[in-house]
Every structure is written in C-alpha cells, then in structure tokens.
Amino acid sequence: MTKIALPTPRALLFDLDGTLADTAPDLAAAVNHLRTSRGMLPTPYEMLRPVASAGARGLIGVAFGMTPVDPDYDALRTDFLDRYAANIAENTTLFDGVTALLLHLQEQSLQWGIVTNKPARFTDALVPQIGLELAGCVISGDTTAHAKPHPEPLLEAARRLNLAPEDCWYVGDDLRDIAAGKAAGMPTIAAAWGYCGNSEPLTWNADAIVLHPLDLLTMLDANSA
C-alpha cells in the first residue's frame, strides 16, 4: 500500500467489476459458452480474467480476436450479453474484505456508492444479489451520456450524494477509473487487488495504490488521526 495523505473524504465511490465484486468467473463463463456453442475450445480463464473489467469488448477481443469494427462483432456481443444476463450471479462474489469495509463505512456514517461502466440492465440485476443494495448511489455505464473515462458518471454520483467531487475518493482497478476520477477532481485510489487489465497500477498516477480492500480503513484511520 502506498502511503499518502489525502483530503479526508465524506464518501467513497467504487468501481464494481474488479473492485467490489469478482465478476470474472461469470463473465468468462459467458464468453466461453459462446466458444463451445460454436465448436471451439474454451479460452483459458487466466487469459480472460485480466480483461474482465473491459466487459464484452475485452472478453470478446481475447476469446475471438475481434474488435467492434469486425462485421460479426455486434451479433457476438448480443449473444454474449444475453448469456451473461441469464447467469449473472452464479459464481460472482465480493472480494475478501469488501463486506467488512462497507460495514465500517456505514458505522462511521461515511457514504459510499458505485460508479461502473456496466449497463444498468446488468448492474440493477447484480447489485442486490451480492449484498450491495445499501449503496448510496449506483451509476451505471448508461446512466449519463458518457461512460468512464469521462468524468460525468463520477460527477453525477457526487450530485446524488449532495457532495462536492473533492469530498469523494474514487477507487477502481482500471486506468480509465483513475482517469475519470482525476478529471472529476476526486482523489483517486488504484485497487491493485482487482483485474487491472494488462497495465501496471504504478503507471496510472493514482493518488494512492492499495493491495487489499481493508487497506482503505488504514488510510481512513490515518486521515482521522
């Protein structure tokens, strides 16, 4: 965990996939169902997990070598999303320490919320199934006109919590999370326990890097001392 003094927050905002929830098992299963339904062998999980935060684009890119410009991509994406929606919480769990972290925030009367690029179709179905229904706000990838790395989803979260952006810490496991947080004027924290794509959190210029969710409690305690 990097040690750095940040402004004391009034709320913590979190990315969902790879930060609060380990959704990679169900995302990987959905894309591998696509492969096996087409007579292909499954893609190894260790290849899919790092790109889980990138959703359909990342997973289809690895599993099929396709990008959104390929003519068959849209149909494949629709099939993938339908399969994922049908089994959205089979093996998804909260990361170790997340439940204790959120309980501590509630006990300390600190607000917390979710800002994800996951479309509301999936966020609204998943959040109550994995114990995140007490979030003070849930901003999905289609809640505002722009998704991360644009700052608007984070600014909307701050508005819904009646807070200034600088009163919120944003925690995420992808470069676009840190870029969005910085653009919104929020202190940013890289969740190194997450998927992190194919890049190294040390290169993201986040204000802090934490290795475990409960490290955030250490940071909060240091700020209140």
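Computed from the coordinates by the stated procedures, all read-outs in this text should not be read as laboratory data. Just so we're clear, the structure is a prediction, and the values are computed from it rather than from any experiment. For neighbour counting, all protein chains shown are included, and Cβ atoms are generated from backbone atoms with ideal geometry for every residue, glycine included.
Altogether, the Stokes-Einstein calculation at 10 °C and 1.306 mPa s, with the Kirkwood radius of the chain over Cα pairs as Rh, returns a diffusion coefficient of 90 µm²/s. On a 0 to 90 degree scale, rounded to 10, what angle separates helix 175-184 from the longest Cα axis of the chain? Helix 175-184 and the main axis of the chain meet at about 40 degrees. Helix 55-64 and the longest principal axis of the Cα set of the chain meet at an angle near 40°.
Estimated from helical segments only, the mean residue ellipticity of the chain at 222 nm is -11500 deg cm²/dmol, where each DSSP H run of four or more residues counts as -39500 (n - 2.57). Computed extension length for Ala125-Leu202: 24.4 nm, one decimal, from 0.36 nm per residue of separation with the Cα-Cα distance subtracted.
Segment 105-156 and segment 85-104 have Cα centres spaced 14 Å apart. Rg over Rh for segment 18-107 works out to 1.07, both radii taken from alpha-carbon positions and Rh defined as the Kirkwood radius.
Across every pair of non-identical alpha carbons in segment 81-131, the mean reciprocal distance, once inverted, gives a Kirkwood radius of 12.5 Å. Shown for Val62, Val69: other C-beta atoms within 10 Å of each C-beta, ranked fewest to most, produce the order Val69, Val62.
Tally the DSSP beta bridges in the chain and give the antiparallel ones as a percent, rounded to 5. Walk me through the numbers on the way to the answer.
Values: 2 of 19 bridges.
So the antiparallel bridges amount to about 10 percent of the total.
When the chain is treated as a GNM with alpha-carbon contacts under 10 Å, the residue of Gly97, Gly194, Gly113 showing the greatest mean-square fluctuation is Gly97.
Rg and Dmax of segment 116-215, based on Cα coordinates, read 13.2, 35 Å. Exposure proxy shown here: for Met40, Met186, Met219, the number of other Cβ atoms within 10 Å sets the order, fewest to most, as Met40, Met219, Met186.
Ranked for footprinting exposure by Cβ neighbours inside 10 Å, fewest first, Thr78, Thr143 give Thr78, Thr143.
Rounded to the nearest 10 degrees, the angle from helix 215-224 to the longest Cα principal axis of the chain is 20 degrees.
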